[in-house]
1. Name the single residue that is surrounded by the most Cβ atoms within 10 Å (Cβ to Cβ) among those in the range 187-205 being within 13 Å of the ligand (Cβ to nearest atom) and not in a strand (DSSP E or B).
2. Name the single residue that is farthest from Pro131 (Cα to Cα) among those in the range 8-25 being in contact with a helix residue (DSSP H, G or I) (Cβ under 9 Å, 6 or more places away or on another chain) and open to solvent by 50 Å² or more (accessible area, probe 1.4 Å).
3. Among the residues in the range 1-8, are any among the polar types (S, T, N, Q), modelled with pLDDT of 95 or more and in a loop (DSSP other than H, G, I, E, B)?
4. Considering each residue of the range 113-127, count those that are away from the ligand (no atom under 16 Å from the Cβ) and surrounded by 13 or more Cβ atoms within 10 Å (Cβ to Cβ), and give that number.
5. Going by what's in this entry, would Val86 be described as assigned to a loop (DSSP other than H, G, I, E, B) and more than 16 Å from the ligand (Cβ to nearest atom)?
6. Scan the range 164-186 and report the pairs whose first residue is under 23 Å from Pro6 (Cα atoms) and whose second residue is part of a helix (DSSP H, G or I) and open to solvent by less than 10 Å² (accessible area, probe 1.4 Å), with Cβ atoms within less than 8 Å and a gap of 6+ or a chain change.
7. May I ask you to list the residues in the range 48-74 that are more than 12 Å from the ligand (Cβ to nearest atom) and in a strand (DSSP E or B)?
8. hydroxyl-bearing (Ser, Thr, Tyr), at pLDDT 95 or above and loosely packed, with under 15 Cβ neighbours inside 10 Å: is that true of Ser87 in this structure?
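The values are calculated or read from the model by the stated rules, or taken from the named source; none is laboratory data. Predicted model only: the values in this text are computed from it and were never measured. Reconstructed Cβ throughout: ideal geometry from the backbone, glycine too, with neighbour counts over all protein chains shown. Remember, those area values only see protein heavy atoms, side chains included, never the ligands or the DNA or RNA. Shrake-Rupley method; radii C 1.70, N 1.55, O 1.52, S 1.80 Å.
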Amino acid sequence: MSTDTPTWTLTDGTTIPIGTMYCIGRNYSAHALEMNAPVPDDPIVFLKPPAAYRANGSTITLPAWSHDVHHEVELVIVIGLNTDGVSADNVWDVVAGVGVGLDLTARDIQSAAKKDGHPWAIAKAWNGSAPVSTIVSADTSGRGPWDLQCTVNGKVRQKGSTQDMERSVEHLVSYLSSVFTLRRGDCIFTGTPSGVGPIVSGDVVVASLSSIVSLEVHIA
Ligand code: MG
């Protein structure tokens, strides 16, 4: 495995080194319901390191210490300008582009961590847990809403719309920038609609964001 800093590739040809990956939990009420958990008053935020990233077309090795890795298809926002406080009205000024990603989650490990009140890092941030498509530049992507879909071996598992997010892209980026200095190359996984489920060796997982971009990964 390469230890070089991974980079985003944008449709306009730009490349940006990948920074911190901010991830939002329970941002769709139907998914919160299937997890038997409430939609929180404040966003649930967790992190993945750049090394968790995998590009479109990658083969991903599931961690040997988990027996229940789930797909979570999500809209991913890539930050293009450093900011330590952007208003919701000005969020798109700091967005480089959008893509579709899979927040691959070791659900058995996460469930044990939740039960014990421990952090989710092992369950959420392992090598390969963050495959993301090519990033569509913000000047051509539009600002949504977009349809999200995830298929496994050609069967639809998740189907949703970003218009069902409990908190909008504008709210999330503004909120995160009030807590963290967001830097060019950081990204935000914005939460998953319902229908999450297991993936196993040999699966082909395809995630799509309307018809603007898609991601295909193979499970080793
Ligand atoms: Mg998620």
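1. Thr192
2. Asp12
3. no
4. 2
5. So Val86 fits the description; yes.
6. Val173/Val91; Leu182/Val173; Leu182/Leu176
7. Once the filter is applied, which keeps residues that are more than 12 Å from the ligand (Cβ to nearest atom) and in a strand (DSSP E or B), the range 48-74 yields Tyr53, Arg54, Thr59, Ile60, Val69.
8. Values: hydroxyl-bearing (Ser, Thr, Tyr): yes; at pLDDT 95 or above: yes; loosely packed, with under 15 Cβ neighbours inside 10 Å: yes.
So Ser87 passes the test.
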